[in-house]
Amino acid sequence: MITADQLLVKQINKSIVLNTIRKKGNVSRADIAHITGLNKSTVSFLVDELINEGFVREEGPGESKGGRKPIILSINNKAGCIIGIDLDVNYILIVLTDLMANVIWEKKVDVKIGESQQAIIKRLIELIDEAILNAPETIRGILGIGIGVPGIVDYKKGTVLMAPNLKWENVPLKQIIENKFKIKVQIDNEANVGAIGEKWFGAGIKYNNLVYVSAGIGIGTGIIINGELYRGTVGLAGEMGHMTINILDHQCSCGNTGCWENYASEKALFDYIHTQLIMGKSDNYINKDNFNTLSALDIINYAQKGSEIAVEALKEIGRKLGVGIVNVINTFNPELVIIGNTLSLARGLILDEILKEVEKKCLVYRYHKVKIKTSKLQFHAGAIGAVSLVISELFAYPGL
């Protein structure tokens, strides 16, 4: 009789084999045995199972190092598809990918600020339907749906506990989507999924200790420690956008006073420009007549074209991001800080100011020069991170 312990060991070993193939790319059974320390017969048995399940394929013979040529293995991209969703306050970005997060199809739709919960979920369901219709034929179909949400999430239950900028509270989003599509759903905070996406497929691949700072309408952080996402006691870690920067400032949407995101988010960007316009400043790109029609992407675009107001506004946001990142570095001493979400698209304008603040004010930075970069995945970090939620679950429990 096979005991529960034996089944668990087999499952863990199977996960190790699958992840080794994913990380190393084209690799042989003998290579896997050498890398993992598992014996060759165990590796061969597990690889055969993974091939039968459709997750792994044989590419053909490799180079011989003496004796028979080894058979090269790789992840089977045609095993199935994954849907990843970045649900933001003012847009929804949905991607359909293969098992290695290569995008097959994508779509972005705008969401009006203040749109009702029911309307947004209806739009979400329509987009998932569209993604499924665009999915190519694969062995196992749609393997899962991942969703990143801008708020506090009970990731185990898949409930959005509070999303202040969406004005959502206690929304059982996982249950709603699973009931509709009968497909397994993973839901997490959008900064967490951004961190996972960058760790698996972006700027963080080579780093085991990093912090992802999502700088959009709000600010969130995803924290990777020793290669794993740090969730805290009940999964709510990372809400550093709501750490207090100024105890005398106005109230944040979360109910606290003087939060970091009051100073360094898209909202702060618009507040700064609005103040400049009231003071009589304007240029050929931004003025009182067009201000109310602008998006953060418009401001970044105008800055790149030479708008003085846009350039100075983004530099100011960069400085304020730097203030919070000083606290992040002093707290976590990471190898890398990644700036993601919309404001990261300003790149050099904000990054230079962040570095100046960190070099000037950060105690830990004096002794350890933390790398600070903008997102490699850029605008796709949230959606690819949501895909990574599903992939990481599949690779932890292959074949289920």
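The values are calculated or read from the model by the stated rules, or taken from the named source; none is laboratory data. Everything numeric in this text was worked out from a predicted model, so none of it was measured. So basically every Cβ, Gly included, is an ideal-geometry build from the backbone, and we count neighbours across all protein chains shown. These area figures cover heavy atoms from the full protein model, side chains too; ligands, DNA and RNA do not enter into them. Shrake-Rupley method; radii C 1.70, N 1.55, O 1.52, S 1.80 Å.
Table: residues versus (1) open to solvent by 10 Å² or more (accessible area, probe 1.4 Å); (2) part of a helix (DSSP H, G or I); (3) touching a strand residue (DSSP E or B) at 6+ places or on another chain (Cβ under 6 Å).
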{"residue": "ILE338", "(1), (2), (3)": "no, no, yes"}
{"residue": "ILE350", "(1), (2), (3)": "no, yes, no"}
{"residue": "GLU353", "(1), (2), (3)": "yes, yes, no"}
{"residue": "TYR365", "(1), (2), (3)": "yes, yes, no"}
{"residue": "HIS380", "(1), (2), (3)": "yes, yes, no"}
{"residue": "VAL390", "(1), (2), (3)": "no, yes, yes"}
**Request:** Filter the range 270-283 down to residues that are surrounded by 11 or more Cβ atoms within 10 Å (Cβ to Cβ) and more than 19 Å from ILE217 (Cβ to Cβ), then give me how many there are.
**Result:** 5
**Prompt:** Within the range 20-29, is even one residue modelled with pLDDT under 85, within 32 Å of the chain's Cα centre (by Cα) and under 30 Å from ASN189 (Cβ atoms)?
**Reply:** yes
**Asked** How many residues does the range 30-71 contain that are more than 28 Å from the chain's Cα centre (by Cα), within 22 Å of ILE205 (Cβ to Cβ) and open to solvent by less than 30 Å² (accessible area, probe 1.4 Å)?
**Response** 1
**Message:** Need the failing condition index for GLU266 against (1) acidic (Asp, Glu); (2) modelled with pLDDT of 95 or more; (3) open to solvent by less than 40 Å² (accessible area, probe 1.4 Å), just the number.
**Reply:** (2)
**Complete:** Scanning the range 165-205 for residues that are of a type in the set (D, E, K, R) and in contact with a Leu (Cβ under 9 Å, 6 or more places away or on another chain), the one nearest to TYR263 (Cα to Cα) turns out to be GLU190
**Asked** Pairs, please: C-beta under 7 Å, at least 6 apart or cross-chain, first residue in contact (Cβ under 8 Å) with a residue 12 or more places away in the chain and over 10 Å from ILE273 (Cβ atoms) and in the range 288-314, second of a type in the set (Ser, Thr, Tyr) and surrounded by 22 or more Cβ atoms within 10 Å (Cβ to Cβ)?
**Response** ALA296/THR342; LEU297/THR342
**Message:** Take the conditions among the charged types (D, E, K, R) and closer than 24 Å to VAL103 by Cα and apply them to GLU190. Does it pass?
**Reply:** yes
**Prompt:** Out of all the residues in the range 256-270, which are small (Gly, Ala, Ser) and touching a residue at least 24 places away in the same chain (Cβ under 8 Å)?
**Reply:** ALA264, SER265, ALA268
**Asked** Quick one: LYS361 ticks every box in (1) open to solvent by less than 70 Å² (accessible area, probe 1.4 Å); (2) more than 30 Å from GLY84 (Cα to Cα) bar one, so which box is it?
**Response** (1)
**Fill in**
Considering only strands (runs of 3 or more DSSP E) wholly within the range 142-210, the ones with at least 1 residues that are surrounded by 24 or more Cβ atoms within 10 Å (Cβ to Cβ) are 142-149, 152-154, 159-163, 185-189
**Prompt:** Within the range 123-140, which residues are assigned to a loop (DSSP other than H, G, I, E, B), at pLDDT 95 or above and either touching a Pro at 6+ places or on another chain (Cβ under 6 Å) or open to solvent by less than 40 Å² (accessible area, probe 1.4 Å) (or both)?
**Reply:** ALA135
**Message:** I need a count of the residues in the range 217-231 that are under 14 Å from LEU336 (Cα atoms), open to solvent by 40 Å² or more (accessible area, probe 1.4 Å) and either touching a His at 6+ places or on another chain (Cβ under 9 Å) or not in a strand (DSSP E or B) (or both).
**Reply:** 1
**Message:** Which numbered condition in (1) modelled with pLDDT of 90 or more; (2) of a type outside the set (A, V, I, L, M, F, W, C); (3) farther than 29 Å from GLN378 by Cβ is the only one that GLN251 fails?
**Reply:** (1)
**Request:** Take GLU357 and decide whether it is within 21 Å of GLY197 (Cβ to Cβ) and modelled with pLDDT of 95 or more.
**Result:** no
